[in-house]
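The values are calculated or read from the model by the stated rules, or taken from the named source; none is laboratory data. Computed from a prediction, not measured in an experiment: that's the story for all the values here. Glycine gets a Cβ as well: all are built from the backbone with ideal geometry, and neighbour counts include every protein chain shown. Side chains are part of the model used for accessible areas, which takes the heavy atoms of the whole protein and leaves out ligands, DNA and RNA. Shrake-Rupley method; radii C 1.70, N 1.55, O 1.52, S 1.80 Å.
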Amino acid sequence: MLDAWKLALESLLYSPPSPRRTSDAQRVQTRARDLAMMHSVGDLRRHYARLCATTPYRELRDGPHRDEVLSPRQIADAAFGLRHLEIVSGRPLDVCSDRLSRWMLAVAG
């Protein structure tokens, strides 16, 4: 679970700047805001486990196509990863600002 979240965030953070990267970052940020009601890592993990059991999530494409930075499933996973970082750091983070520390991502396990 954490590995999928971190991998999706890393794919976004390490990708070269582009309009598509900006768009994907905004989508991740929006989905992470939808997870704001999760106040603990345990709550977040349980919610993710329930989500993964649903047909709509399982049917999300898991690989980027053409010029995509993230696939639809990676967008969801990156949002969970971002919310996880917010919970463990105790502060809101903005993946759209390009200020999300790669160090924070590396040590967030």
Give the residue that is most open to solvent (accessible area, probe 1.4 Å), with candidates limited to residues of the range 30-46 that are without any contact (Cβ under 8 Å) to a residue 40 or more places away in the chain and more than 22 Å from residue 11 (Cβ to Cβ). 46
Filter the range 50-96 down to the residues that are among the polar types (S, T, N, Q) and under 18 Å from residue 24 (Cβ atoms), then identify the one that is surrounded by the most Cβ atoms within 10 Å (Cβ to Cβ). 74
Residue 61 - would you say it is without any contact (Cβ under 8 Å) to a residue 40 or more places away in the chain and either among the small types (Gly, Ala, Ser) or in contact with a Lys or Arg (Cβ under 8 Å, 6 or more places away or on another chain) (or both)? yes
Which pairs turn up if I take residues in the range 73-95 that are closer than 14 Å to residue 40 by Cα and look for partners that are open to solvent by 10 Å² or more (accessible area, probe 1.4 Å) and of a type in the set (Lys, Arg) with beta carbon separation below 8 Å, at least 6 apart in sequence or on another chain? 81/6
